[in-house]
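Working notes, beginning with the structure itself.
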Ligand SMILES: Nc1ncnc2c1ncn2[C@@H]1O[C@H](COP(=O)(O)OP(=O)(O)OP(=O)(O)O)[C@@H](O)[C@H]1O
Ligand SMILES: [Mg+2]
């Protein structure tokens, strides 16, 4: 069991309101990712849930019980820190066993659980090493091992992979996801890496300046962003935004279209929208599998277009772009999505 | 020093300092060895003659030697224990966000800036004096018999004074070490369910192991040669109760004017210091490499 509920949770440091009222319902066994720009309060919100910071207002419930005033150890959560925070003078075994030892569990139970966790995480050969004798990825696994042996109600991860190189990050991403499915334990995972968010999450919380902008599945956020911020934040390369007359023609203040929904040099006549843009390619990025075009369109600005495969277009070429009419997002003056 | 080249370079750069240090040490050492082999009393100038190891035999079989060796070890050991235990506690206290922390910190450091002679005088005349001292006043206002510290507990009194002088050093080094303890480690321990005591014993104390060994090493070097505090307060007495090796050598040389025997004593002290240093460096070195 591990259902976590936030009711109007607020946090201020002195006069600064960092979390401005968060309401959230995290279902048991789900994998929830907090994303948002740097400084938006992701870590703070996670630490509030962990109990490492006191809330300024609101309530935190775990499985329906109010834990707002309960100390961290009694909340039954475990946390994986960005810096791993391993105990440097203890062996891997000692690190993983520490929580169980503090809970006063019998020795043979501790030994059994530590061996079990080590086996799951491929740490068995390293049990008697000190953390400094391990690689970054192995340290990361020890930190995860320390979290899983206690069989917590939920795991809290604060950017656990950000110190690893790209290849290892992809591998650990898979391992963490697989482990979470296998243990079927609720997980809250903080990251500012979109790919991690989109690939790992059952549901994503998009945070901006201490507010929850949207809470939904990755595809919901991608297909139906609630506002300009989410639309711009989710998706890479970023969604194109166009204002002015073009948007007014569609009864919106701003319209947005993703680069992958802009057709390059389409055949046939203007589409239903009559929205063909002609411009000059300023930069063309050839990735092999995709081509990204940054096109200067007079009166509209730079439009990014993404074409599958190699398009054979280079900088300086003139291209015609046509947004997919069905995939245009419309936003009002406040930045909120106008539903169709 | 990873490569052959950096090793050679390192040695070459060190050489001048090492040579200078050797000359600095070897000249006085050679003179001491020379004097220790002479019968050389300042009361009989011009009567020096070679006597071989007689001075050593005289110094080592002197009952004062064993007594002063014991006093030296007791003094060093007790001061180490007091300064480290209290030093850890003070450092833990100063690490907390208490009000007026910077002022308290300054006050804790203060004794370190007081000269040994001055602090010994202050303790002797203002604090521990059986008639006009602060302790005597406290005891008599409580209706108790004042203690004549230097007569009744002479070695303990010296230990108290020296520990008071060295506490700031220990506390300061341990405080800086405490402040370098990763905050996330303490939080991880908190999440793991460790209380204040468990966190101290499993996280904080192991983190302090290294600075503690450094404190032990440095303090031992200085505590082996404590002199001013004894000279000012008890003069080594009553009897031999507060005579340590350093004071014994002094009394041989300048009270009995026996330079030969004092030089022999000096060499014995060097040997003792080296034996102690050998063991300390081995224990500490293991800790420092970790
Ligand atoms: N102890 C503190 N005292 C005062 N301000 C704080 C404290 N901790 C965090 N803040 C502020 O709260 C805001 C949110 O910080 P937080 O660490 O939650 O950001 P984040 O979303 O995790 O960012 P990042 O992605 O860079 O880790 C920041 O503006 C930060 O300056
Ligand atoms: Mg953060």
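How high is the relative contact order of segment A:214-288, in percent, with contacts defined as C-alpha pairs under 8 Å that are six or more residues apart?
Across segment A:214-288, relative contact order equals 17 percent.
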Nearest 10 degrees, 0 to 90: what angle lies between the long axis of helix A:136-148 and the longest principal axis of chain A (Cα atoms)?
60
How well do other chains shield peptide A:211-223, expressed as the mean number of their Cβ atoms within 10 Å of each residue Cβ?
0
So, in Å, what gap is there between the alpha-carbon centers of segment B:163-233 and segment A:189-224?
46
Tell me, what is the percent relative contact order of chain A, built from C-alpha pairs under 8 Å that lie six or more residues apart?
17
Label model pair residue B:126, residue B:256: point-to-point distance (7 angstrom along the Cα→beta-carbon line) in nm is 3.8
Which ordering of B:58, B:34 is given by a fewest-first count of other beta-carbon atoms within 10 Å?
B:34, B:58
Based on the mean of other beta carbon atoms within 10 Å per residue, what is the order of A:130-138, A:97-105, most packed first?
A:97-105, A:130-138
Gyration tensor on Cα atoms of chain B, a ≥ b ≥ c root eigenvalues, a/c under 1.5 rounded, else prolate if a/b beats b/c, else oblate, says oblate
Quick one: the Cα spread of segment B:122-185 along its three principal axes, in angstroms, biggest first?
53, 24, 17
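Just to be sure I understand: of the beta bridges DSSP finds with both ends in the protein assembly as shown, what percent are antiparallel, rounded to 5? Display every interim value, and only then the final one.
Values: 52 of 69 bridges.
Just about 75 percent of them are antiparallel.
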GNM on chain B, Cα springs under 10 Å; top mean-square fluctuation among B:265, B:239, B:77 goes to B:239
Take the alpha carbon atoms of segment B:240-287, find their center, do the same for segment A:293-308, and report the distance between the two centers in whole angstrom.
85
For the protein assembly as shown, what is the convex hull volume of the alpha-carbon atoms per residue, in Å³?
267
Value of [θ]222 nm, deg cm²/dmol, for chain B, DSSP H segments ≥ 4, -39500 (n - 2.57) each, nearest 500:
-22500 deg cm²/dmol
Counting residues in segment A:240-331 as N, plug N into 2.2 N^0.38 Å and put the Cα Rg over that result.
1.03
Let me make sure I get this right: for segment A:59-184, a, b and c are the square roots of the gyration tensor eigenvalues over alpha carbons, sorted descending. Under 1.5 in a/c it's rounded, otherwise prolate if a/b > b/c, else oblate. Which is it?
oblate
DSSP-defined beta bridges in segment A:4-233 - what % are antiparallel, rounded to 5:
55
Per DSSP H run of at least 4 residues, take -39500 (n - 2.57); add these up for chain A, divide by its residues and hand me the 222 nm value, nearest 500 deg cm²/dmol.
-7500 deg cm²/dmol
Just how far, in whole angstrom, is segment A:1-35 from segment B:1-55 if you go by their alpha carbon centroids?
71
Can you tell me the orientation of helix A:92-102 relative to chain A, as the angle in degrees between its alpha-carbon axis and the longest Cα principal axis, to the nearest 10?
70
To the nearest whole number, what is the average tally of beta carbon atoms from other chains within 10 Å of the beta carbons of peptide B:178-187?
4
For chain A, the longest principal axis of the Cα atoms and the Cα long axis of helix A:166-183 enclose an angle in degrees, to the nearest 10, of 60
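We did not get these values from a lab; they are worked out from the coordinates using the rules stated. What you see is a predicted model, and the numbers here were worked out from it, not measured in a lab. Note: ideal-geometry Cβ built from the backbone for every residue, glycine included; neighbour counts use all protein chains shown.
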